[in-house]
Every structure is written in structure tokens, then in C-alpha cells.
1. Looking at (1) over 23 Å from C:A68 (Cβ atoms); (2) at pLDDT 90 or above; (3) not basic (K, R), find the lone condition where C:S291 falls short.
2. Considering every residue within segment B:124-141, establish whether at least one is at pLDDT below 90, within 9 Å of another protein chain (Cβ to nearest Cβ) and more than 16 Å from ligand 3 (Cβ to nearest atom).
3. Do any helices (runs of 4 or more DSSP H) lying entirely in segment A:150-220 carry at least 1 residues that are surrounded by 21 or more Cβ atoms within 10 Å (Cβ to Cβ) and of a type in the set (D, E, K, R), and which ones are they?
4. For segment B:388-410, state whether one or more residues are surrounded by fewer than 17 Cβ atoms within 10 Å (Cβ to Cβ) and within 8 Å of chain C (Cβ to nearest Cβ).
5. Within segment D:36-45, does at least one residue satisfy the condition of being charged (D, E, K, R), at the interface with another protein chain (Cβ under 9 Å from one of its Cβ atoms), within 19 Å of the chain's Cα centre (by Cα) and on the phi < 0 side of the Ramachandran plot?
6. Let me confirm something: among A:L278, A:L223, which residue is in contact with an Asp or Glu (Cβ under 9 Å, 6 or more places away or on another chain) and hydrophobic (A, V, I, L, M, F, W, C)?
7. Looking at B:K50, B:K71, B:K13, B:K3, which is the one that is basic (K, R) and in contact with a Pro (Cβ under 7 Å, 6 or more places away or on another chain)?
Amino acid sequence: MNSLLNVILTTDFAFSVLRVTTPILFAALGALISNRAGIINIGMEGIMLVSALAGVIISAYTQSAWVGLLGAVLAGTMVAGILAFFTLKFKTHIILGGVAINMFASGGTVFLLYLLSGDKGSSTSLASKVLPSVDIPLLKDIPVLGPILSGHHILTYFSILSVIVVYYLLNRTPIGLRIRSVGENPHAAQSVGVSVVKIQYTALLLSGFFAGLGGAYMSMGYLSLFTRDMIAGRGWIAIAAESMGRGTTVGTALTSLLFGAADALSNALQVLNIPAELIATLPYVATVVGLVIYAVSETRKKNRKLKSPLAK
Amino acid sequence: MSKALLEMRGITKVYPNGVVANKDVHFSLQEGEIHALAGENGAGKSTLMKIMFGMEEPSEGGIYIRGEQVKLQSAQDAIDRGIGMVHQHFMLVPSFTVAENMVLGMEPRKGLGFSAAEAIRMTEETARKYNLAVNPKAKVEDLTVGMKQKVEILKALLRGARILILDEPTAVLTPQESEELFRELKQLREQGHTIVFISHKLKEVKAICDRITIMRSGRSEGVFQTSDVSEQEISRLMVGRDVVLKYDKTTPAFSKPVLTVEGLSVHDAQGKALLANIDFTVRGGQIVGIAGVEGNGQTQLIEALTGGLKGVSSSGTVKVKDTDIRSSDILEIRNLGVSYIPEDRMRQGAAGDASISDNLISTRYRSRDMNKGLFLNGSKIAALASSLVEEFKVRCSGPTQPIGMLSGGNMQKVVVARECSTSPELLIAEQPTRGVDIGAAQFIHQKLLELRSDDCAILLVSADLNEILEISDSLLVMYEGQIVAYFEDPSAVSEEELGLYMLGINKQDRPKHGRTVNHV
Amino acid sequence: MFKVKYFEVIRTSAVIVIALAIAFLIISLVSDQPVKTIGIFLWEPISTKGHIGNVIEMAIPLMFTGLAVSLLFRANMFNLGAEGIFYFSGVVTSVLAIHLTLNNWLHPLVAILAGSLVGALLSAIPGILKAKWNANELVTSLMFNNILFGVGLYLLNYHLRDAKAFANVSFKFEKTAQLDKIFQGTRIHTGLIIVLVLIVAAHLFLYKTKWGYELRMTGVNREFARYSGMRTAKVIILVHLIAGFIAGMGGSVEVLGMYNRFQWASLPGYGLDGALVAMLAKNNPLSVIASALFLAYIRIGADLMSRLSDVPSEMISIIQAVIILLISAEQFLKFWKNRMLLKEAKEA
Amino acid sequence: GNNTANNAGNTPANQAAEGNKAGTGDKLKVVLLIPGTLGDKSFFDAANSGLQKVKAELGAETKVVEMGTDKTKWEPTFNDIAAEDWNVIISGGSEITEMFNLTAEANPDKKFINYDTDIEEAPANMYNMSYSTNEVSFLAGAVAALATQSDMPNANADNVIGFVGGMDIPGINAFLVGYIQGAQYVDPEVKVAVSYAGDFVNPAKGKELSLIQYNSGVDVIFNVAGGTGLGIFDAAKEKTKYAIGVDSDQGTLIKDTDSQKGDLIVTSAIKKIDSAILGAVKKLQDGTLEMGKRDVLGFVEDGVGIAENDIYKAAFPADLQAKVEEVKQKLINKEITVDNAMGMETSEVEAIRNAVKP
Ligand SMILES: Nc1ncnc2c1ncn2[C@@H]1O[C@H](COP(=O)(O)OP(=O)(O)OP(=O)(O)O)[C@@H](O)[C@H]1O
Ligand SMILES: Nc1ncnc2c1ncn2[C@@H]1O[C@H](COP(=O)(O)OP(=O)(O)OP(=O)(O)O)[C@@H](O)[C@H]1O
Ligand SMILES: [Mg+2]
Ligand SMILES: [Mg+2]
């Protein structure tokens, strides 16, 4: 138990929570935007995977991490665009579309990797670039807080910034207003000349954009390479986080952080004598418990009254 | 006749599910007129107007503005040409404020962001200009229907609509609110606006419209000067037969009390009274009407009677026959012989994607004659469904059609058919004829009266004063969660008088309406 | 009328042709003999008894999970938990298949029933959480997948593992526990009969019984169902129990039909595939048969293609994705349909 | 190294299909069945590279088939392939052994090679191999334990080494037990931090687990985690700590594109599956391969070894290299015997693990 505390009560651990949260947060923000527009994008996993590979390949060929990032994000946006095209134009069921995107990404990335590098497993033979980590002046010298908050990967800061940006976008901009109106009452939006399809395109592309950032982080920051199926469920976790955050920006950010913390904790728990298989379930158990507590308290609140007179 | 401002020629509309909503319809608008569009439920009025507003694409036909053909591919195209529409169902985003709803699609900006202050200013300005007061900062979900209606009209006006389409705007308004709306419409006409007015209330049509186009089964039956045709004639053209506008009510023969409410009070979480000290009784063979402006506790009262009190702290008693139902759920209440026509047919009254026949049996599939143990009796269900469809004249391709494809009125007929055909002892009918054409409304009224003569107790909540005065044997008025008036003989009450109670200006003292309980 | 009625058939055929054309294009990029390659993809799975057998074997678990998921979707429950239950019930069944001594038909019966019951109970948890407290079933079911996998893997490693097998596999099942093969020359096992019976039963349940009716109404509009007097919370829990039972039975049957030891070291993926099957079947139990066979067919075809030609195995998922994207594209050829509708309307 | 996964991909004709038509006499036809997918940078890739050597050096016609992770597909694939006209059918792994043996028995006219199995029995037309995984891991453990206390620039004073495994399964624990015993052999006091990622395709998890180990005083980590393991090297680079590679010479491989990272991979515990496969096929062609038995390939047979590459020579002090060589000789001479986790109960492995927990 002591050794566990030794691991957890360190700035390194707190630091790792933010690091682990970053990809989940990006994707969850993406999921949030598309959900607010009324479309559930379950292709997050696949989009992240494609972006992760695109970042590696493009940075390897251009020898510029930033161009790589741009490529990754564009790739993510493009894949989301394909999904949007089929679901919005041809009315492919969005769930099937998402499943297809995940399938496509899982095979397609390996296939492309193989064509380019002759390797099916990882991109170690490509000299790809990574984006830098940054120390924040002043902050980095504050004890405890400094080592926790400073020195992160630049995309981690991007992700925190993204929370603010997405909040602003959804709640304070015309496009955000339209996205929310389309999600809540598409007929109302349509009736005032807002093109529902256009807004949903935008929202899906934005969700691809953020998932793309998440994917880029995986292969160009968190790690410096691409490997087969390296997203390893983070896209799904992000969807769960968004769902649990009940469609609000702050809620989504907090639940992403919760998932990140639980995941980091499960890594730390490996120092104990508990079978690794069981430790691995911890983040999920924690989530279910959290969700139940939240849901129970919410329904308690709701059950104790009749509909309030004006809310209809 | 001067050249038409807007003309629709040879419009045919086939929905993807194969429903032919409009068939070679011609429709034309003169500048500065109020033009009524009338027709039965499902006649294709809304569809025609949606086409005019660019929200639906015609399968065939053209739209001409001042003789020039235009292609309207989205509502935006229509808005750009000065067409505005207030839809049959509200087109508002509930969680948004009034101002946000007003400017949606034409948001004022401040830098990159949305300027809420400017939106509020625009809303206030338009409201002032057209003399329609609204609170721009209020959330739409908190507004009364009358308020929502105003927001809808302002929305159209803000967008510079010169042609304003109003699809059944008065279905949910009180007489006072309707009166106000008519004043405003006339004022708009003075200012040069052209208005299309859809309504099932022919009195209104006669009162404010210049011309009328009548539709039947997707076709236009012709255009008339309103002054040239009587209500009778209009309804004959709409329905294809004479419609009786007065009912022969048998003299009431009340039996024992079926629903007894005594001293019922319910408070919300903040301790505010939602229902305060409600007393009344409904007897077998009696129709008790509840009038009131929406949002004055009728919804809560009905909810309380349909299982909503379970798990909620309340005082007083609510009895169906001899059973206290305060801790019963809706199933237990229904098992006591209670039927319920909910006001929101889309949300509670019907399952849109399910078939008409599935919708018809939802309250009786448990009964022995509909099943053989666990298995449903398919042939009996089919027989029941087709007989009900026939009896209630539901316009559909057959009982297996999804109910969601029906027009509002026909959907309502299905709901009424279900609830009235189980020989209930108590029927709670909430807005049973909202948005229903006169033919169908009359039919529904007759059904209620038939149940009444079969000794059923009926509690009728309606915003349609005409209906309530016509049908009820006794009448309650609710205001702010209380019963403020009780009339033993509604036929002696005028709409205006009723309106004063509904708006809280008049109030009877307790002993008088306390009589409800003691009345024999 | 003829044309519109058959629009779906025409659309589907057109879509398949286009999907194949796209697949062909992609194959041409990497293959020297694209015609031959696509020929393998299309014909090889149905060319020999063995390969047909492979398609059917693969369709069996897909039918189980597809059926389970389609019932959940029918009740408007977006629950993807079939994955974890399929796995965990497999573990439970394996325990009994290893440790019980029973006769030839009782052994699998007991083992499968136990696996199915455990599946039902586990599935009920997200159901209860949803019905009583409105806890998001997507989140809970995704979480349960990981939890059940972790616990199952733990059981395998710490309690079932056969050290003498030199791998992370369980002890061998008793011969009595394994399901019989029903067609000579294939590995098609009695699970096929079980799942077909189950599908027909589910069809009857859904469309012919009171409970099925309640389930459908709750799915279409829960509020409506509640006002009609249905106990929707019970319905939701019931559908979770049934779906869990079916998914669990799927895992149990797969383990006893296709393996002689338990050896899944990762989630086998049939749960998500089940969602795919259910969606393709538009949540109709009987259509699940066709959509599971279809999915199995293109997968086996793709496998054979990668084995017998020069196309790498990853092509499988790309081609599958293309087919799935197009096959459910409902608006595809919409304009044509609208024209036909208008023509019919005018004739009428 | 060389991962031309599908030979037909870069040869003009579709050989497999051609091969089906005509048994073109003398040319040896060899097929490799991978019970999984290529790209693991170890087991399967190494086998494939062995096949490439067979093709290049023996002029054989070859094909590799990836059977994927769905185990129900393996049996039909074995049967289908056995029905084609291949002379030699190669596959590997304890998991497939039962199935593979049955296939061999059903096809007595064909030759089979199982390139890695712990099961001794083999049909008369099957040749089995396995490797002294435990011994090479023992050596890796010795390197790690020596390194952690050395004055190597990135070593610390703490006496703790690390191990990150893909999953808690026999195949991985075979490495672990050897590693622990090797470390204990050079220093009985050494502590070994052990983590399992639970997944072979989650490098981010591998990195997190490694970072925790490095942060808690570990300065050398042995990576036995497939794709997950690539994250361990990332962590090593980030923390400038050492790592030990597995299966192939990972240090040299990575050095190609990232020398900073590669230089931290002091050595790798290599299973020379490629040369083992080449050797076996060669003997089979010569008719000298003894079928129906299993050989365990150790240091002497050149079946295993640690990578004594430039990095090792530069980074690992010469005196310690000598000590390692000494240990290796003792292993060769059977002066040291190493336990094999293959065939151990989970509880036994657990006991070994817990005894050295930091
Ligand atoms: N799942 C949750 N768990 C705990 N707290 C939550 C959750 N979701 C939201 N909250 C809390 O609710 C508050 C409101 O959320 P937030 O400010 O994100 O809403 P919002 O993004 O403005 O919503 P909207 O977009 O609908 O306007 C926040 O203070 C947040 O802490
Ligand atoms: N989106 C739709 N899809 C398919 N059919 C539709 C759709 N909307 C309307 N219909 C059908 O088209 C016909 C005309 O409907 P419409 O709404 O125009 O009638 P209406 O005259 O406005 O009736 P009401 O007075 O009840 O509002 C009806 O049969 C209706 O069922
Ligand atoms: Mg209408
Ligand atoms: Mg040290």
C-alpha cells in the first residue's frame, strides 16, 4: 500500500493524469460537437487512428512536425467528411457508418503503412517527427503546481484550450447556436432557413477535426510512432465520457478527466499484488459507480415533484 | 382582378412514403389580403404552405411571384423573397431564449461571436414596431403557448416577411388571445402585409379573411370571397356533406360519483403551490369541463389524476369510485375503468413508428378478448382495428400503416378511438379536438356525448371555449392552480365572462364553487 | 405499383454492384489479376462444402449477437454490451464444460443454460440502472464489456489455465460437453439449430406476444407506453434479460461448438458485429439470419481472397467498410424513386 | 527487419495460384501460416523473415498466410492449405500445436515444421523446435541487474530493474522468470518491478507503465510486449533510461530512424526464429532433418542470444560484458539451470514475481 501512495502522491502522477486525459478529451470534445448537432459519431476510434498514421507519414516525408499535425487534422476531418457524405447525403445509418469507418481505419491504416514502409505493425522505419513539450515560464517554478502543470506536450495545452474554444463555439457563436438548434429541434432550424444538413456536415467535420488532434497527439506527442490499432479503445472511452458529461462542455471535460485519472490510477496500481487483469477493470468500475451515483441523485431530484407548471 | 402577388400553379406533392398530399393545386394570393386556407385534416394545407415556404419540394408545379417563376429550395430562399411562416407545430428551440430563437439563422455578430445584446435589441425593436410585447430574455420552454405564438410571428416579421403564412395559429389560444391576434393581423394588413390564414374555426375565417381557398383530399375545391359563402357552405365544401354545428344533448342523468377530488394540494420543490385545495366531483353521465389559460394548473391536475401523485407529497383525497388513487400508477388507475386522452398526441398519445392497429390496442392488449394467454390474438386485433378505423373514419391506407404518417387530425381520431372504445367509467379528455377539423371535431364530440349517455363520467379539459361551453354539463375555471369559478349550467355563461375568470380578473368565493362536492 | 414495391430490391442490387465495382477498383490497385481476385472473393466461399461450412459456422455467433442486439435496439436501448457478455458467458460455460461429469446431451445443455443465465443476469444490471435511474446504457454497457473481459481473463489465468498446454488456454472440455457436428465435412454444429429456433422464437415473441408488443411500444415511444399503462421499467429490464440470455448463449454455444478449450485472450468482437448485423437487419429477428450470413460470406470471401491471391488481408476491412457504407445508404437512387412515385400518383 | 509480408505482392505472377496447377517438379514449395497478423516486430515477423531467407537462399517458392486472431478460422485454413500442393508447411506456437499435429497426421505425404512449441510430441512428418527463452532472458536479467548498479551514465544507485509484459500469460512469463532469475543470479538483492499492459497493441499504455517504473527508481526495463513495447522505448528516451529489447535486435532497428532512442536499448534478447527456420528447411531439403521430434535451440545451436551489437559494446561497460559472457558460458555448460515458466501454474509465477517486488 505504501508503495502505491509513493506513486500516487507525486507530482509525476498528477502530471500523468493530464497526459492520459489529452487524447480522450480531444475526442470527447469532437463527440460533443457532433452530438449537439444531433448526430452520434461512433467512428471516433477510426478517425483517431487515421489521423495518427497521417501525422506520422506526413511528418516523416516533410520532416516537419507542424505540417504533420496539419496533415493529421486534415485527414481526421476528411474521414469525418466521408462519414458525413454517406450519412447525410445517402442516409446511411449513422451507427453503421461509424462502424464502417472504424473497420476501414483499422485495416486501411495497416494497409497504407505496409505500402509505404513494407511494415504491417509499426512505423519505426519512418523517421517521423514529434511536436514539442513546453515549459511555461513562471508557472514552472511554482512548487507542486509547476511540475504538474508545466512541461506538458503542446497538444495537451491545446486540449485544455480546446475546452474553452468548444465552450465558446457552442455557447457564444452563431455557428454554435445553429449546431445546438439543429440538435434540439432540426425543424425549427430548418424553418428559419438554417440548412440542417450543412450544420451537421460542419459538426461532423469539427468532430473529425478534434478527433484528428487526438490522433495526432497519440502518434506525435504521447508516442513518437504509429502502431497497428494504437488508439486501443480511447475513442470509445471518449464517447462514453461525452455521454456521461450529459452534453455539456464542462461536464464532458470533467468526465474525460475522470477517465484519465482512473486510467492513470490503474497504471499506478500495478505496484500492488493484484492480478493485472482485475486492475485493468478499475477505470471502468469507477465509471459505472460514478455514473450510478450521479444518475440516482438526478432521478431522486426529479421524482419528488410534478412537472413544474410552465415547463411543458 | 389585379395581378397576383404570388401564385402556385399545378402543384403536386408525393411524399417519399407514397402519400399524395397535393394534387394539381392552384393557389394565388393578392397583395394585401388575408387569405384563408381551409380543409379537413390531411387535406394538404400544411404541405402546400411548406412548399410555398421552401421547406418541401413540390414533385411538380411552379411558384410565381409577381408572375415570375421562382425556385424555392430552402426556407432561406423563401425568407429572402419576403415569405414568412408560422407553423402548425411550434418551430422553436425550447432551451433557447426568445431573443436567440428570434435571430436564429440571421445571428448578429460581435467579432467572431454571437452578440446576445444585439439580438435582444433587435427583438425589442421588432416587438415595439409591431406592438407585440415579449420578454427577449425568457427561455422559450418557460413561455405560455400564447407567448410562443407571438414569438413565432415576430420571428417571421423580423425577417422582413411581407407574406405571412399562419398555420392554425389559434388552435391553442384563448378567445382574448385570439382577439388580440386578429387585431394584430388586421394591423399588419394595413401595413401592406399579405397573410395566409389556416384555421378549422370557420367563425374566425369569416371574421377576418377576405378570400378563402378550400381544399379537399389534396385538391383545391375553389376560391371564394369570404363574404359570399356561409359557414355551412364552407364546411360542406370541405367535408363534402353538411356538418351539424349544434348537438342535441339529452337531458343529463347523473348517477353516482366516479371521480371525487377533495382538498387536493400539491407543492413543488420550492414550496410553491402547483395545485391548491382543489375540490370537485364528476358523476356518471356527467361531463365536467375545465377551462383556463394554459399553464394554470390544468396539466398538473390531469397529471395528478393519471398516476403523477405516486411518490409525490400531496394532501387531500383523490378517489376513483371508492379507491384512493394517490399512490396508484397509471396502470392501476386505468384498471379502475379510467381512460385518458392525453393532450400531447405525439409524445404520449401515439407511438409514431408503430402501426395504427398497434396504437389502437395499447390499452387493451391485456384484456382476455385480445389474447390467448401470452399470445396476442392477431385476428381479433385485426378485426377490432379495421372496425375502429371504419367507425372513426380514420383516413389511412389500412390499419397496418404507421400512425406517424397520418395527418394530425386523423392521428387524434385514432387516439380517441382507442380511449373511447373500451367502455370506460371515467374518461379524462385533455384537448381532445385540438387541431382537428370541424367534421372530425364534431365526430369526437358525438363520441363523448355517446359515452355520457352510457353513464360514463367525463372530465374535459379544453382551451376551445366553444367546445367546452357546448359540451359540458358543468364547468370549472382554473387560475394559478386553483378553481376560481364553478358554473352549473355552462350554456348560461358567455365566452367573455369566462375569459374574465380565466385571466384572473374575476373570482368566485369559495362556498360557491365548493358546491361541486356537495352537488347532488 | 410494381416498380415502387420492388424499389428496395433494385436499390440493394444496384448498391451491391457499385460496392463491388469500388472493391474491384481498390483490388486493381494492388492485385495483378484483379478479375481473378474478385472472382475468388465472390465464388470461393460458396465453392466447396467446407467453405460454405465456414460461412455458416461464422454466421452462428453473428446470429446470436445480432439477435440480442436487435431486441435491445427494438426497445430503443442503445446497448453494446453483447460483447462482454458473449465473452463472459463463454468463460462460465467453460468452467462447467471442464468440471462437470454428465452425459452427452445433458452436459452441453447444463453448461449452455448456465452461461446464458449468467449472461441474462449480467445484462440486467445496465438494464436496471437504465430503467430505475436512467443511467446511460451506452456508457454502462461499454464499461461492462471491459469489466467482464478483465474478470473473465482473470478467471482463465488464475483458475482455468492448463499449465500443460503452454499457452493461455483453459483445461480441455469434457468430450461430453462439446456440441455435435451436424453436417459431415463441415464444422457446423448444433448451435445452428439452437440459434435458428431462437430466432423464430424471438420473432414470435416480438410480434405475437403481449410482452413483445410492450417491448416494441416502449421502444417506439416510452412515454406513450407508460401512459397506456405499460410498466416500461419492467419492459426494459426484461429486454435486457432476454438479450443477455441470447448473447450469453451465443458465447456458450460458440465455445462448445468451435473449441475444445477456452482460449479467448481478447474480446472476440462479436458484440459489435452483432450491432452491425442488427442494423443491417433493421432489427428484425428473421432478417438477422440473412444479414449474419451476408456478413459471414463477405468476411470468408475476403479471407479466402487474401489467402489465395496477392491481396493483403487488410483489404478485407476496407472492402467490408465500403459495402456496409453503401448497403445501408437509403437515399441512394432517391431521385429515381421520387420520379416513379410521381408517375404512379398521376396514374392513380 | 525485412517485412515484405506477402511475397506475391512484389513478384509478377500469382504464385500460389500457379503453384496449385502444376507441381513443377524440383522447386521446393514452402508455405508459412501465421496464427495472427504480421507486423509484431517479433515472433511472426521473424518467422516471415526466415521464410524470405528460404526463398532467397534455397530458391524455394514461398507464401505467407496470415490467419488472423479469430482462432476458429485456423483449422479450416490448415486443412485448405494442406490440401494444396505445398511440400513444406510451417507454422508455430504452442496454441496451434494440437491442431497442427492433427493436420500433419491427416497429410502424411507432406512435411510440417512447427517453429516454436513447448509440446514435445510430434507426428512422424513433423519437426518441432523451441528456444531457450528462459536462458536468453536469464542473460538479459543479468545485463539489467549489472547495469542498474553500474556507473553507466543513466543508471541510478537504486537496485531496481523493470519488466513490462504484454499480458500475464505463459509465453510472456517464460521471459519474466528467466529475467528475474538471471538478475538474482548476479545480485540476490535486486528488485524487479513487473507490469502487464493487458494488450499487445497499446503502446501508450506501455509508455505509461514504463514511466511509472522509471519514476519509481527503475533504470532498465525489459520489454516483452509486442506493439505495446514500442511505447517502452519512447518512455526510455523521454526519461533517458535504459531498455532491453526482445525477439529481434530492436536497438539496431530503431537506431536507423532514431539514434537517441536506439542507443538506450542496451541489448535485446533474441530468438533466432528466422535462422532456425532456414536451417530446418535446408536440412529438410538435404534430407538430414530428423522428423518426429523436437529440438530445443539454445545458445550453442544459435537459436537464441543477446544482441551484442555496437550499442551494447559502446554503452555496456567492458568488464560487465565479460561477466555476462561468463554467465553465458555457465548456461551453455549447464552449470546454471533456469526454470521455465511454460508449464508453471499461475500461482508459482506469482510467487516468483512477488518475491522480488520492490
Ligand atoms: N456529468 C456531470 N457531472 C457533474 N457535473 C456536471 C456534469 N455535467 C455538467 N455538470 C456541471 O453543470 C454545470 C453546467 O455545465 P456547462 O457549463 O458545461 O453547461 P454548458 O456547456 O453551458 O451547457 P449548454 O451547452 O447546454 O449551455 C457545470 O458547472 C458542470 O460542473
Ligand atoms: N412528412 C410527411 N411524410 C409523409 N406523409 C406526410 C408528411 N407530412 C404530411 N403527410 C401526409 O400528407 C397528407 C397531408 O398532410 P398535411 O399536413 O398537409 O395536412 P393538413 O391539411 O395540414 O392537415 P391538418 O389540418 O391535420 O394539419 C396527410 O395524409 C399526411 O398524412
Ligand atoms: Mg396542417
Ligand atoms: Mg539502479
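1. (1)
2. yes
3. By residue number, A:174-184.
4. no
5. Checked segment D:36-45: at least one residue is charged (D, E, K, R), at the interface with another protein chain (Cβ under 9 Å from one of its Cβ atoms), within 19 Å of the chain's Cα centre (by Cα) and on the phi < 0 side of the Ramachandran plot.
6. None of the other options fit; the residue is A:L223.
7. Criteria check complete, one pass: B:K13.
Quick grid of which residues meet (1) within 11 Å of chain C (Cβ to nearest Cβ); (2) within 20 Å of the chain's Cα centre (by Cα):
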site: B:Q298; (1), (2): no, yes
site: B:L301; (1), (2): no, yes
site: B:L309; (1), (2): no, no
site: B:T323; (1), (2): no, no
site: B:V338; (1), (2): yes, no
site: B:G352; (1), (2): yes, yes
site: B:L360; (1), (2): yes, no
site: B:L376; (1), (2): yes, no
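The values are calculated or read from the model by the stated rules, or taken from the named source; none is laboratory data. All values derive from a computational prediction rather than experimental measurement. Methodologically, a virtual Cβ is constructed for each residue, glycine included, from the backbone with ideal geometry; neighbour enumeration extends over all protein chains shown.
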